[in-house]
Amino acid sequence: MNIFKKIFRGNTLYYPGCLTKFALKDIQDNYEEILRQEGIDFIKLSEKELCCGSPAKNAGGQKLFKELALKNLKIFKEHSVGRIITNCPACALVLREDYKKLLGDKWDIEVRHMTEIISDKSLKKFRGQDRGAVTYHDPCHLGRALKIYEEPREIIKKAGYKIKEMDLNREKSYCCGAGGGVKTNNPELSNRIVGDRFDQARKIKAKEMITPCPMCFAHFKENSKKNNGLRIKELSQLLSNKKEKNK
């Protein structure tokens, strides 16, 4: 990176991803609040934002995936984007790893998952608090794919919680059952997987499960009532000053 790029890194884009943007608007609001608490100036693309292409790629649609990647690159360059921050692990993986492989040197945008940028600026208000025990679910894309295991745990601990680990955690973590098109194409299998994950949480007598993945969160929430009411929270809900809307 030359000296010009070091000084003028361009705009920081908050990229919520499709599920957050269209189905979990309160989670998007939470993360925008957190970015402001962190003192990060960011832009949004609103209607111009396109899907990162993760669903197309996972379904084998390589041509469509490449088209989306090229369109996104054009849009990002038009808006002088030098850094992308996303709360979606799937988007983070695709934008950080797959775009670089596909686009080569054309792709020079830094990509960070939200758990990598949340600092004591957002967490100092919880210092000294004891907010009880929770368990943490490692999303597949964030954990095994991006190797981000400790950052979310440190955030949860600094937010005043103790973590009770399920037997299957970190690189051995169990899938939520919704990713990779399983929920759409094989709902019976998807529901069986999520039931197994709830069993693992009950085994350690967890009353609350935290995850930083919008897909895992939505899938867990959908199934929580028929699994003895295990409370589900998305990571941002631990840090937001707003009342939860997703109860």
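Observations, loosely collected:
- Leu189-Arg112 FRET efficiency (beta carbon distance; Förster radius 41 Å; 0.05 resolution): 0.80
- For the chain, the mean residue ellipticity at 222 nm estimated from helices alone is -11500 deg cm²/dmol, where every DSSP H run of n ≥ 4 contributes -39500 (n - 2.57) and the total is divided by all residues, rounded to the nearest 500.
- In a simple Cβ point-charge model (Lys, Arg +1; Asp, Glu -1; nothing else charged), the chain has a dipole of about 340 debye relative to its Cα centre.
- For Lys66, a cut-off of 16 angstrom between C-alpha atoms picks up these lysines, skipping any fewer than 8 places away in its own chain: Lys57, Lys74, Lys100, Lys101, Lys106.
- Computed lengthening from Leu50 to Arg83, 0.36 nm per intervening residue step minus Cα-Cα distance: 10.2 nm
- With semi-axes defined as the square roots of five times the eigenvalues of the C-alpha gyration tensor, the equivalent ellipsoid of the range 123-239 measures 24, 15, 12 Å, largest first.
- Charge dipole magnitude, Cβ of K and R +1, D and E -1 - the range 123-239, Cα centre, debye nearest 20: 460
- Translational diffusion coefficient (Stokes-Einstein; Kirkwood radius from C-alpha pairs) of the chain at 37 °C, 0.692 mPa s, in µm²/s: 175
- DSSP H segments from the chain that extend 20 Å or more along their own axis, Cα-based, with Kyte-Doolittle mean of -1.0 or above: 62-78
- Exceeding the 23 Å Cα-Cα cut-off - candidates Lys203/Lys226; Lys121/Lys233; Lys21/Lys121; Lys125/Lys225; Lys44/Lys157; Lys183/Lys226: Lys21/Lys121; Lys125/Lys225; Lys44/Lys157
- FRET efficiency for Lys226 and Arg127, using Cβ-Cβ distance with R0 set to 25 Å, rounded to 0.05: 0.10
- Annotation: extensible slack from Glu97 through Asp196 equals 32.6 nm (criterion: 0.36 nm per residue apart, minus Cα-Cα distance).
Any read-out appearing in this document is the output of simple, stated calculations on the displayed coordinates, not a laboratory observation. These numbers come from a predicted model, not from an experiment. Virtual Cβ from ideal backbone geometry, glycine too; neighbours counted across all protein chains shown.
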